[in-house]
Amino acid sequence: MDKELTPPQREERKFTVTVSSPSDCKRILSIEIPQEEVELEKAEVLKKYRRELKVPGFRRGKVPLRYIEKNFGDAIHTDAVQNLLPVVYEEALRREGIEPLGHPKFENVQADQSGKINVDVAVEVRPSVKIEGYRNVTVAVEKREIGDEEVEKALENLQAGFATYRVVDREPREGDYLIIDYAPVLDSGEVDEKEMIRNYPVDLASGNLFPELRDGLIGMPLGEEKRITVTYPDDIPNQELRGKQRTFYVSLREVKEKVIPEIDDAFAKRIGEDIPDLNSLKERIRNDLVEDEERRYKREVEEKIIDEIIETNPFDVPEVMVDNYLTSLIEEDRRRRPTVPSEMDREKEIRELFRETAVRNVKKYFVLLAVKSQEELVVEEEEVDERINEIVNKGGEKVEELKAFFNHPKHRSSLVDQILEEKVINFLRENADVKAA
């Protein structure tokens, strides 16, 4: 009679682990699981098979163990290995005090039927970053003056923003707004109906149109269909399309002309009830531009300080954090372009185009973290409460909603992180040598 294989209860699995550090962001856990541990796990799997296996001539749970081992030995061994690896990996992390980023990579798995298991597990970790020379960083930044010319330009942009469109029964002209249907034309000369985009808006004033498309649409009779061949510019991100031509089917459905309001006192009053005349509007614009310039100036000072610190303190960053940043950009791109046909290489383009930015932003995160730690900067509860009160007081009718929002520990913690980042940036700015460019 077969005896039930019952492994003894154990608090911790037996294995050995050696940790190596190929880089500051990577750890390799070389794990060896002894044969006795493998056999114990195989016994557990064998019991599970016996409970669940259906074999003609035997009641469930009564199939002989020797029969199961003979016919399902390989599967039992595979299941045991698959059960052991993640469990032992987690125990190895706890034993070594490693906090991984992202998912592990199991490499060089050696697990034959005869005995022990050997495996290398590669994980990424946060680098240990110590920053030097972050005080008295010298940067040069231009501070722009806001004059009448900047005010007039902003006023014209505001005027354009209040423009309206009216449908007209004529051919398109420069500056018109069109509604078209379009689709690529296949090599066979047929229109690719599956890729047809209908009711697509086209602003002829936009600087992003293909010149051939703009020229082809201007003067095109309403309701007419035509084919327009465009040439992709040499600086397009997709290298495979550079300099190549493509023909599109276009149908003109509607033409709208832009109606721009006069800039006068009446226009000023449309902008805000507290703006009585045009001079008051210009003063409001000037003040806004001065505030915008001050914010731009501070941001540029901050970014140049960070760039200088990164330059003088080289370190690697985890690839998983770079990938997460790029993935967020791709998701945002999809949200912004829901009606645009998907391009197979679009994700690849974004990853290539913004990889350097992603690496730099992850490095910025670790620079700020290191300065915070080295300077022992903290956020007091009073500071958090004061910031919440500022936000709530500006909330208008949403006071109670805002209070409830910041009562949530997660949201309060995010606000603490935001205030702490501001403190670090202010510290760097106050201790920098900022010169006029």
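In the range 383-396, is there at least one residue being under 16 Å from V317 (Cα atoms), within 30 Å of the chain's Cα centre (by Cα) and not aliphatic (A, V, I, L, M)? No, the conditions are met nowhere in the range 383-396. Restricting the range 93-135 to residues that are under 27 Å from E37 (Cβ atoms) and β-branched (V, I, T), which is surrounded by the most Cβ atoms within 10 Å (Cβ to Cβ)? Only one residue fits best here, namely V121. Reported count of residues in the range 239-251, each being more than 30 Å from I179 (Cβ to Cβ) and in contact (Cβ under 8 Å) with a residue 40 or more places away in the chain, is 1.
Residues checked against (1) at pLDDT 95 or above; (2) assigned by TED's automatic domain parsing to the domain that holds E291; (3) closer than 23 Å to K256 by Cα:
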site: E171; (1), (2), (3): yes, no, yes
site: G175; (1), (2), (3): no, no, yes
site: L178; (1), (2), (3): yes, no, yes
site: G189; (1), (2), (3): no, no, no
site: N199; (1), (2), (3): yes, no, yes
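State whether one or more residues within the range 252-263 are out of contact with any Gly (no Cβ under 7 Å at 6 or more places or on another chain), more than 30 Å from I179 (Cα to Cα) and not aliphatic (A, V, I, L, M). Scanning the range 252-263, I find no residue that is out of contact with any Gly (no Cβ under 7 Å at 6 or more places or on another chain), more than 30 Å from I179 (Cα to Cα) and not aliphatic (A, V, I, L, M), so the answer is no.
Would it be correct to say that V322 is more than 30 Å from V191 (Cα to Cα), out of contact with any Gly (no Cβ under 9 Å at 6 or more places or on another chain) and not hydroxyl-bearing (S, T, Y)? When the stated conditions are applied, V322 passes them. Of the candidates E145, E150, the single residue that is among the charged types (D, E, K, R), under 30 Å from E283 (Cα atoms) and surrounded by 14 or more Cβ atoms within 10 Å (Cβ to Cβ) is E150. In the range 392-409, the residues that are under 20 Å from E381 (Cα atoms) and of a type in the set (D, E, K, R) form Cβ pairs under 9 Å with partners that are part of a helix (DSSP H, G or I) and modelled with pLDDT of 85 or more, at six or more places apart or across chains, as follows: K403/I388; K403/V392.
Evaluating V255 against the criteria (1) over 35 Å from the mean Cα position of the chain (by Cα); (2) outside the structural domain of R198 (by TED's automatic domain parsing) leaves one unmet condition, (2).
Listed here are the residues, each with its yes/no results for (1) under 29 Å from P318 (Cβ atoms); (2) acidic (D, E); (3) under 29 Å from the mean Cα position of the chain (by Cα).
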position: V87; (1), (2), (3): yes, no, no
position: E99; (1), (2), (3): yes, yes, yes
position: Q110; (1), (2), (3): yes, no, no
position: V121; (1), (2), (3): yes, no, yes
position: R126; (1), (2), (3): yes, no, yes
position: T138; (1), (2), (3): no, no, no
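For the range 26-33, the criterion of being crowded, with 17+ Cβ neighbours inside 10 Å, free of Cβ contacts under 8 Å to residues at least 60 places away in the same chain and not acidic (D, E) is satisfied by no residue at all. Of all residues in the range 297-316, those being surrounded by 14 or more Cβ atoms within 10 Å (Cβ to Cβ), in contact (Cβ under 8 Å) with a residue 60 or more places away in the chain and part of a helix (DSSP H, G or I) number 10.
For L420, are the conditions met, namely being surrounded by 13 or more Cβ atoms within 10 Å (Cβ to Cβ), in contact with a Lys or Arg (Cβ under 7 Å, 6 or more places away or on another chain) and assigned to a loop (DSSP other than H, G, I, E, B)? Considered against the rule, which asks whether it is surrounded by 13 or more Cβ atoms within 10 Å (Cβ to Cβ), in contact with a Lys or Arg (Cβ under 7 Å, 6 or more places away or on another chain) and assigned to a loop (DSSP other than H, G, I, E, B), L420 comes out as no. All conditions in (1) surrounded by 12 or more Cβ atoms within 10 Å (Cβ to Cβ); (2) not in a loop (DSSP other than H, G, I, E, B) hold for M220, with the sole exception of (2).
The values are calculated or read from the model by the stated rules, or taken from the named source; none is laboratory data. All values reported here derive from a predicted model rather than from experimental measurement. Here the Cβ is made from the backbone with ideal geometry for all residues, glycine too, and neighbour counts use every protein chain on show.
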